[in-house]
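Written below as C-alpha cells is the structure these notes are about.
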Amino acid sequence: MNFIELFILVLSLIATKVLSQECGCNQIPSIEIVNDPQIANNIKEVRDFFLSKQPSSQFDRLSATILIRQNKTNVWRRGSVDATLLAYPASSVKLMYMYSAIEWCKSLGRPISCLDQYVRPMIIVSSNLATGYVVDAITNTTNIDDMTSTNDTRWAHWFYQRSSTERLLQKLNLYENQILRSKTYPTNSGQGPVGSEELILEPPSSGNRFQSCCTASFMLYLMQTRPANEVQYMQDKLYRILESDETTFGNGLPAGTVIYSKIGCAYDTIEEIAYIILPSGQEIILSAFSNGFQRPAGDFYILGRFAELVLQKFSLISPSSAMIFTTDDPDMYTCVNQPVKHNSSLPRDTIGKSFITFDRSCIIHPQLSERGVYSVSIWTPSYYGGSTSSSLLNVAVTDVYNFKGGDTINQKVSLSQWISVGDFLLNPGRQTISLTAINQESVFNAVRFSLRPPLSVQ
C-alpha cells in the first residue's frame with residue numbers, strides 16, 4: 001500500500017468513526033445501543049442512492065437512523081446519516097406529547113388514559129385540534145392572546161410551563177439539541193399562532209425541531225422499557241395498516257409486517273418515526289426526516305421506497321417477501337398493440353433499466369415459485385408522456401379461483417410509490433395481471449409480489 005492509498009484509508013476510517021459516533025441519545029436503562037460503523041456506512045449509501053433517484057432536484061434532504069435488534073437480546077445496533085441534523089417535525093411531535101400526557105396523568109394519580117378523549121384523535125387521525133387540548137393540559141397553560149413581547153412579565157413562567165415535555169425528555173437523556181414546545185395548527189387556540197404562541201415560534205426557538213437519532217432512541221424507549229400497560233396503550237394508537245394514510249414507510253414494507261409509528265407531513269416535509277416488526281420477527285426502529293413532499297398529495301408515500309431499500313441493503317427480508325419483476329425482461333409482458341419500450345432518458349425513479357408505454361392493454365405474467373397469499377403492487381415512475389390529462393390505468397389480477405380484483409390508478413398522482421392492487425391466493429407458475437389503459441397512454445415499469453407469512457398459532 002502506497003502513501004496515497006494509506007492516506008485515503010485513514011480518511012475513510014475517520015469519516016466512518018464520525019458517522020457512527022455523532023449520534024447520541026444512547027443511555028436507555030436496560031438497553032445497550034451500539035454504534036455500528038458498517039450500518040452507518042450502509043444507511044448513508046442507501047440514502048444517497050435513494051436521493052439520486054428522485055425526480056425532483058428540490059428533494060435533497062434526508063436524515064435517517066436505524067436501530068436493529070440483535071438476536072432478541074437487549075442489544076440494538078445503530079447506524080445514522082446526518083443523525084443530529086434538525087428538521088421541522090410536523091405532526092411527529094405528537095408522539096412526544098402522547099408520552100407527556102401519560103406522565104401528566106400519572107403525576108395526578110389518575111389512569112394513564114385520563115386524557116384519552118384528546119390523545120386518541122391526536123395520534124390515530126393526527127388531529128391538530130385535539131393536540132392543542134393535550135398541550136394545554138400537560139403544560140397547565142393556555143395561549144396568552146395579548147402578549148406581544150418576551151419582555152412581558154408573564155412570558156418567563158408561560159415559557160417554562162410550555163417547555164415541560166422538553167424537561168421530561170432531558171431527564172431521559174433523549175433530548176440533546178431538539179426543540180419541543182409548540183402546538184400544531186390550526187388548533188384550539190386559532191387557525192394560526194398568535195400572542196405567546198406566536199412568540200415561541202420566533203428565534204431563537206423557531207418552533208419544534210427534531211433529529212433522527214434521538215427520535216429513534218425515544219421510540220425504542222417507549223416500545224421496550226415502559227410498563228406493559230403503557231406499551232399496550234401506546235401501541236393501540238400507533239398501529240398502522242401498511243396501505244394506510246398514516247404511514248409513508250408502509251407501502252415499501254413486506255406483507256405481514258407490523259408497524260407502530262407516527263408520521264409528520266407539512267409544507268415540504270415528510271417524515272416518520274417507526275417501530276417495525278418484520279415477518280421474520282426481526283425488530284427495527286427507523287426514523288427518517290426529509291423535504292420530500294415536493295408534489296402535493298402524490299409524495300405522501302414517497303419514503304416507502306427508502307424503507308424498502310433499507311431492508312434490502314441489510315438483508316432483513318427473505319427473497320419471497322419482495323419479488324420485483326420489471327420490464328427489463330421482454331418475456332414478462334404481451335400487449336394488444338406493440339408497446340413502446342423506453343431504455344433511455346428514463347425517469348430517475350424507474351426501477352430497473354426500462355419501462356413501457358401502451359395505449360390499449362397488456363398482460364403481465366411473472367413467474368412465481370410457490371403457492372400462497374401474495375400482496376400485489378404496481379410501481380408507477382414519474383413519467384409525464386402523452387396527454388396533459390390524467391393517465392388512468394386499470395389493473396386486475398386473476399387468482400386460483402379466477403376471482404378478479406384491482407383498481408384504477410391515476411398515474412399522474414400516484415408517483416414514485418408502490419400502489420397496492422390487492423391480496424391474492426396464487427399458485428406457482430405464470431401469473432395473469434391485466435393492465436388496461438383508460439382514454440390515453442399508460443405506463444408500466446414493475447410489479448411486486450410480497451408473500452404473506454403463514455399464520456402462527458401459539
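The values are calculated or read from the model by the stated rules, or taken from the named source; none is laboratory data. Model, not experiment: these values are computed from the prediction. Cβ sites come from the backbone with ideal geometry, for glycine too, and all protein chains shown count toward neighbours. Just so you know, the surface numbers come from the protein's heavy atoms only, side chains and all, with ligands and any DNA or RNA stripped out. Shrake-Rupley method; radii C 1.70, N 1.55, O 1.52, S 1.80 Å.
Overview of values
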item: For segment 302-378, average projected area of the Cα convex hull in nm²; result: 6.5
item: Where no second cysteine Cβ lies under 4.7 Å, the cysteines concerned in the chain; result: 265
item: Accessible area in the full protein assembly, largest first, 1.4 Å probe, for 125, 421; result: 125, 421
item: Magnitude of the charge dipole, segment 27-91, Cβ model with Lys/Arg +1 and Asp/Glu -1, debye to 20; result: 180
item: Rg/Rg_globular for the chain, with Rg_globular taken as 2.2 N^0.38 Å and Rg from C-alpha atoms; result: 1.06
item: Burial order of peptide ranges 344-354, 437-447, 112-122, 232-242 (average beta-carbon count within 10 Å, highest first); result: 437-447, 112-122, 232-242, 344-354
item: Translational D in µm²/s for segment 30-107 (Stokes-Einstein at 25 °C, 0.890 mPa s, Kirkwood Rh from C-alpha pairs); result: 162
item: Portion, in percent, of the accessible area of segment 181-331 that falls on carbon or sulfur, probe 1.4 Å; result: 52
item: In degrees, nearest ten, helix 3-21 long axis to first principal axis of the chain (Cα); result: 60
item: Degrees separating the helix 212-225 axis from the principal Cα axis of the chain, which is the longest one; result: 80
item: Accessible carbon and sulfur surface of segment 332-382 relative to its total accessible area, %, 1.4 Å; result: 47
item: Degrees between helix 37-52 axis and first principal axis of the chain (Cα, 0 to 90, nearest 10); result: 60
item: Surface share of carbon and sulfur [accessible, 1.4 angstrom probe, percent] for segment 78-170; result: 53
item: Computed [θ] at 222 nm, deg cm²/dmol, the chain (DSSP H ≥ 4; -39,500 (n - 2.57); rounded to nearest 500); result: -8500 deg cm²/dmol
item: Dipole axis of the chain (+1 Lys, Arg; -1 Asp, Glu on Cβ), positive-most option in 397, 453, 49; result: 453
item: Cα-projected label distance for residue 38 with residue 318, points at 7 Å along beta-carbon direction, nm; result: 2.3
item: The chain - charge dipole about Cα centre, Lys and Arg +1 at Cβ, Asp and Glu -1, debye rounded to 20; result: 620
item: Solvent exposure of the chain as accessible area per residue, Å², 1.4 Å probe; result: 43
item: Gyration tensor verdict on segment 281-340 (Cα atoms; rounded if a/c is under 1.5, prolate if a/b is larger than b/c, oblate otherwise); result: oblate
item: Among 327, 111, 438 - extreme Cα towards positive end, dipole of the chain, charges at beta-carbon; result: 111
